[in-house]
Amino acid sequence: MRTRWLWMTLLLAFTAGVGIVSARGVVSTTGREALVEGAQLYDNWFAALGVEPPAGNSPLWARQTTNTRSGPDTWRCSECHGWDYKGSEGAYAAGSHYTGFPSVFKLSASLTEDEIVAHLKGAKDPSHDFSAYLNDAALQKIAQFLKNGLQDDSAFIDSVTLKAKGGSVEHGKQLYDGVCAACHGADGRAMLFRTEGIDEGLGDVANRDPYRFLHRTRFGVAGTEMPLGRELGWSTSDGRDVLAYAQTLPTRPQPETPANAGEGSQTSPQIGFSLNGWGGGIITGLMAFAATLGASAFFLLGLVVLGGLVVWALRRRK
């Protein structure tokens, strides 16, 4: 009897131990820090969850007319409020991404996490209700990110040139070579990004949208696996250094635009051929001489014809 109870006790203990290990395994392999998951939901919640985006445009999109994007992009927090989280007060205060939607950087500072969740459920605006698409756990993670994970990158990025302020390009290269180059390549073009019909390398993204670059360097790209600066222990200065180096990487060739030309203008194609050098000078001189000779001959011909007409008129009078 004692032996039987002993075996039962050992079996229960083993089962419980397996259950604990399994539970911890699920957390460690499928669950990241809630704040990181919230950042990826902010980036692109349907990609982060692996679901199809809602059909059509977000109900909020009809309130603006300046951003002409449509469909899935209209449902993303990042498209409305920007990668610097400042909406109409930040990088998206002008340009094709402008919507006029507010700064969550400012709003979240005055709200609790529960109040942010309530806002995401449409408590203040029914058109801002995402509860039909995101469960309470997902909404709570977004709230945690908005309350505790936002970084003001204006200290690291020049708002006019979009270049990294200061930083060490050399240190950024060390970090890039040690982590990023394995996937993106030494030139940043081993993995291209399709942006509005254009293939871009990492250098293009870093120069065109450095705020997005820093957000994704810290928190990753929604729906993908990549090393995260936050999990690697990178400081905000480390991220800035990587940005500074990434902005030196090759970019997509741009069409040459003449000075003072309007937006979208391109150089006009040259027609014919160029007459440069001494050979061109001789040809140009011969052409000028021929033109002069031709004009003189035409003038003389005109005089002959005129004289003939005068003679003919005089003879008819006789």
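Bear in mind these aren't lab numbers, they're just calculated from the coordinates by the rules spelled out. Please read these numbers as outputs of a predicted model, since none were measured by experiment. Because the Cβ atoms are built from the backbone with ideal geometry, glycine has one as well, and the counts that use them run over all protein chains shown.
For the pair residue 98/residue 252, report the inter-label distance in nm, with labels modelled 7 Å from Cα in the Cβ direction.
About 2.3 nm separates the two model spin labels.
Sorted by mean Cβ packing within 10 Å, highest first, what order do the peptides 210-222, 166-178 take? Before the final figure, lay out each step's value.
Working: 210-222: 22.8, 166-178: 16.2.
Descending packing order for the listed peptides: 210-222, 166-178.
Taking 7 Å along the Cα-to-C-beta vector as the label spot, tell me the residue 154-residue 109 distance in nanometres, rounded to one decimal.
Between residue 154 and residue 109, the label points sit 0.9 nm apart.
What number does region 141-256 give for Rg over Rh if you use C-alpha atoms and the Kirkwood radius?
On the way: Rg = 13.9 Å, Rh = 14.6 Å.
Over the Cα atoms of region 141-256, Rg/Rh equals 0.95.
Just want to confirm a number: the relative contact order over region 153-252, from Cα pairs under 8 angstrom separated by 6+ residues, in percent.
On the way: 137 pairs, mean separation 39.3, N = 100.
Answer for region 153-252 is 39 percent.
Add +1 for every Lys or Arg and -1 for every Asp or Glu among the other residues with Cβ under 14 Å from the Cβ of residue 154, and state the total. Write out the running numbers ahead of the final one.
Numbers: positive: 86, 106, 163, 165, 240; negative: 84, 89, 152, 153, 158.
It works out to a net charge of 0.
Where the centre of each part is set by its Cα atoms, how far does region 132-206 sit from region 32-79, in angstrom?
Going from one Cα centre to the other spans 17 Å.
Can you compute 3J(HN,Hα) from phi for each residue in region 121-129, using the Karplus curve 6.51 cos²θ - 1.76 cosθ + 1.60 with θ = phi - 60°, rounded to whole Hz and x for Gly and Pro?
Karplus values, whole Hz, x for Gly and Pro: 9, x, 4, 9, 8, x, 6, 9, 8.
Considering only 166, 229, 184, whose Cα is most displaced toward the positive end of the charge dipole of region 153-252, charges sitting on Cβ of Lys, Arg (+1) and Asp, Glu (-1)?
It is 166, whose Cα lies furthest towards the positive end.
Given H placed 1.01 Å from N in the peptide plane, which residues other than close sequence neighbours of residue 157 have an amide H under 5 Å from its amide H?
Amide H neighbours of residue 157, under 5 Å, 5+ apart: 165.
Relative to the present Cα-Cα distance, how much length would full extension add between residue 170 and residue 60 at 0.36 nm per residue of separation? Could you put the intermediate results ahead of the total?
Values: separation 110, 0.36 × 110 = 39.60 nm, distance 4.41 nm.
Extending this stretch completely gives an extra 35.2 nm.
With only Lys, Arg, Asp and Glu charged, each at its Cβ (+1 for the first two, -1 for the last two), find how big the charge dipole of region 31-150 is about the Cα centre; round to the nearest 20 debye.
220
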